Amino acid sequence: MEQALIIVGQGIAGSILSLRLEERGIPFKLYDDPSHSKSSRIAAGLSNPVVLKRQKWVQAAELFLPEAQKAYPLWAGQLQKSFYHPINLEHIFHNEAEANDWLINSDKPHLKKHLGKHIKEALSNIISPYGRGKLEGVFWVDTDSFIKARREDLLNKGLLISKTWTADLMDKHPNSSIIYCNGHLARQTHPMLANAFSPTKGEVMIIKAEKLPEDRILHAGVFTLPLGDKRFKIGATYNHKDLSENTSEDGLSYLKAKLESFYQGPYEVLEQFAAVRPNIKDRKPLMGRLSEHEWLFNGMGSRGVLMAPYLSQHFLNHLLSGDALQAQWDLNRFTSA
């Protein structure tokens with residue numbers, strides 16, 4: 001029987017969209033070559049509704065966060081994998097003005113639910129002379145574990161085709177709609193979208209650090225994400241010029257310098273990873289119709305874990321029921337004359 005829908009790409013966007021289709025009983029197949037793009041697999045997976053650098057609310061996070069908080073525990077149970085982790089996050093203030101701004105902003109709508117107390121107590125091996133701000137309501141998703149668990153689930157159900165999607169495959173699915181969830185590679189598969197993207201290379205390192213706290217994430221230019229057994233993911237870099245997925249000495253040096261600016265203890269670098277994020281120029285998601293049989297669900301950048309559970313429903317309501325897309329997320333903002 002010919003499948004009605006084809007998903008291209010099994011990163012965060014493709015994995016979540018496939019789960020949503022399964023929830024609705026809509027038949028599909030998913031094509032994925034995991035060697036093509038690793039951005040979802042190495043992502044921090046933080047679900048954070050606040051831009052910490054500017055202490056600003058992420059636009060529409062009041063829609064994104066409740067859906068994300070509901071969806072991931074449900075999927076973790078369904079996939080029988082522990083990848084959803086509520087956690088404390090403490091932002092290290094760089095100066096007194098930043099600490100004062102935190103107190104002022106904590107009274108603003110939306111932010112007052114998340115900008116918690118100003119912690120002034122010292123933390124062993126951590127440089128924080130101006131204290132730290134506690135961010136409430138944060139969780140992280142082990143994206144590599146999530147994607148691998150969904151991949152195994154799809155394989156067991158015969159829904160995953162582990163190969164690269166190419167244009168000639170459309171002849172094998174003449175009655176199907178193709179949904180591209182292929183990250184920054186959409187610039188190649190659909191050159192008309194190239195101008196919409198502002199891809200950035202990100203590098204992270206995995207370290208072993210005996211003196212870093214494992215009960216919280218620390219943030220000060222980079223984050224310290226505890227992985228267990230005194231292992232931490234440290235990231236990330238942002239490079240707009242080098243769009244390879246190769247690690248670099250410059251990237252490693254940057255991560256070390258940022259970490260050492262607030263952490264005084266010993267550590268050992270275990271691994272380093274690099275990938276390209278599918279960022280969009282206006283920092284908003286990109287979705288909608290590309291042609292008669294082609295669609296796009298893409299462009300969530302570093303906030304895919306936060307955004308995708310809600311946006312997948314919004315996109316499918318448009319695709320399947322004809323509900324209007326919000327203009328701020330519609331790809332027509334880049335393709336219309």
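Taking ALA324 as the residue in question, decide whether it is touching a helix residue (DSSP H, G or I) at 6+ places or on another chain (Cβ under 8 Å), without any contact (Cβ under 8 Å) to a residue 24 or more places away in the chain, aliphatic (A, V, I, L, M) and surrounded by fewer than 23 Cβ atoms within 10 Å (Cβ to Cβ). Walk me through how you get there before you give the answer.
Details: touching a helix residue (DSSP H, G or I) at 6+ places or on another chain (Cβ under 8 Å): yes; without any contact (Cβ under 8 Å) to a residue 24 or more places away in the chain: yes; aliphatic (A, V, I, L, M): yes; surrounded by fewer than 23 Cβ atoms within 10 Å (Cβ to Cβ): yes.
It is true that ALA324 is touching a helix residue (DSSP H, G or I) at 6+ places or on another chain (Cβ under 8 Å), without any contact (Cβ under 8 Å) to a residue 24 or more places away in the chain, aliphatic (A, V, I, L, M) and surrounded by fewer than 23 Cβ atoms within 10 Å (Cβ to Cβ).
Does segment 293-305 contain at least one residue that is farther than 22 Å from ASP144 by Cα and surrounded by fewer than 18 Cβ atoms within 10 Å (Cβ to Cβ)?
So the first thing to find is which residues in segment 293-305 are farther than 22 Å from ASP144 by Cα, and the list is 293-296.
Retained after the next criterion (residues that are surrounded by fewer than 18 Cβ atoms within 10 Å (Cβ to Cβ)): 293-294.
Yes, because at least one residue in segment 293-305 is farther than 22 Å from ASP144 by Cα and surrounded by fewer than 18 Cβ atoms within 10 Å (Cβ to Cβ).
Taking the condition within 27 Å of PRO86 (Cα to Cα), free of Cβ contacts under 8 Å to residues at least 40 places away in the same chain and loosely packed, with under 15 Cβ neighbours inside 10 Å, does LYS120 pass?
On the way: within 27 Å of PRO86 (Cα to Cα): yes; free of Cβ contacts under 8 Å to residues at least 40 places away in the same chain: yes; loosely packed, with under 15 Cβ neighbours inside 10 Å: yes.
Considered against the rule, which asks whether it is within 27 Å of PRO86 (Cα to Cα), free of Cβ contacts under 8 Å to residues at least 40 places away in the same chain and loosely packed, with under 15 Cβ neighbours inside 10 Å, LYS120 comes out as yes.
Tell me yes or no: at least one residue of segment 237-256 is in contact with a helix residue (DSSP H, G or I) (Cβ under 6 Å, 6 or more places away or on another chain), on the phi > 0 side of the Ramachandran plot and surrounded by 14 or more Cβ atoms within 10 Å (Cβ to Cβ).
no
Do we have any residue at all in segment 215-228 that's of a type in the set (S, T, N, Q) and surrounded by fewer than 23 Cβ atoms within 10 Å (Cβ to Cβ)?
First pass over segment 215-228, keeping only residues of a type in the set (S, T, N, Q): 224.
With surrounded by fewer than 23 Cβ atoms within 10 Å (Cβ to Cβ) added as a condition, the list becomes none.
There is no residue in segment 215-228 that is of a type in the set (S, T, N, Q) and surrounded by fewer than 23 Cβ atoms within 10 Å (Cβ to Cβ).
So how many residues does segment 178-199 have that are surrounded by 18 or more Cβ atoms within 10 Å (Cβ to Cβ) and in contact with a strand residue (DSSP E or B) (Cβ under 8 Å, 6 or more places away or on another chain)? Break it down stepwise before answering.
Applying the first criterion (surrounded by 18 or more Cβ atoms within 10 Å (Cβ to Cβ)) to segment 178-199 yields 178-187, 189-190, 193, 196-197, 199.
If we keep only those that are in contact with a strand residue (DSSP E or B) (Cβ under 8 Å, 6 or more places away or on another chain) too, we end up with 178-184, 186-187, 189-190, 193, 196-197, 199.
Residues in segment 178-199 being surrounded by 18 or more Cβ atoms within 10 Å (Cβ to Cβ) and in contact with a strand residue (DSSP E or B) (Cβ under 8 Å, 6 or more places away or on another chain): 15 in total.
Which of (1) touching a residue at least 40 places away in the same chain (Cβ under 8 Å); (2) in the same structural domain as ILE16 (by TED's automatic domain parsing) does ASN125 not meet, given it meets every other one?
(2)
Check GLU260, GLU249 and return the single one that is within 13 Å of ALA209 (Cα to Cα) and not aromatic (Phe, Trp, Tyr). Reasoning before the result, please.
Working: GLU249 fails: within 13 Å of ALA209 (Cα to Cα).
It is GLU260.
Take the residues in segment 129-176 that are under 24 Å from the mean Cα position of the chain (by Cα) and of a type in the set (S, T, N, Q); name whichever of them is nearest to ILE26 (Cα to Cα). Walk me through how you get there before you give the answer.
Step one: list which residues in segment 129-176 are under 24 Å from the mean Cα position of the chain (by Cα), which gives 133-155, 159-165.
Imposing the further condition that a residue be of a type in the set (S, T, N, Q) reduces the set to 143, 145, 162, 164.
Working: THR143: 24, SER145: 25, SER162: 20, THR164: 23 Å.
Only one residue fits best here, namely SER162.
Would you point out the residue of segment 121-138, among those that are among the aliphatic types (A, V, I, L, M) and part of a loop (DSSP other than H, G, I, E, B), that is modelled with the lowest pLDDT? Break it down into steps so the answer makes sense when it comes.
Here is the first cut: in segment 121-138, the ones among the aliphatic types (A, V, I, L, M) are 122-123, 126-127, 135, 138.
Checking which are part of a loop (DSSP other than H, G, I, E, B) leaves us with 122-123, 127, 138.
Details: ALA122: 96, LEU123: 97, ILE127: 98, VAL138: 93.
Restricting to residues being among the aliphatic types (A, V, I, L, M) and part of a loop (DSSP other than H, G, I, E, B), the top hit is VAL138.
Confirm whether LYS38 is basic (Lys, Arg) and in the same structural domain as LYS172 (by TED's automatic domain parsing).
Here the answer is yes, as LYS38 does meet what is asked.
The values are calculated or read from the model by the stated rules, or taken from the named source; none is laboratory data. What you see is a predicted model, and the numbers here were worked out from it, not measured in a lab. Cβ atoms come from the backbone with ideal geometry, glycine included; neighbour counts cover every protein chain shown.
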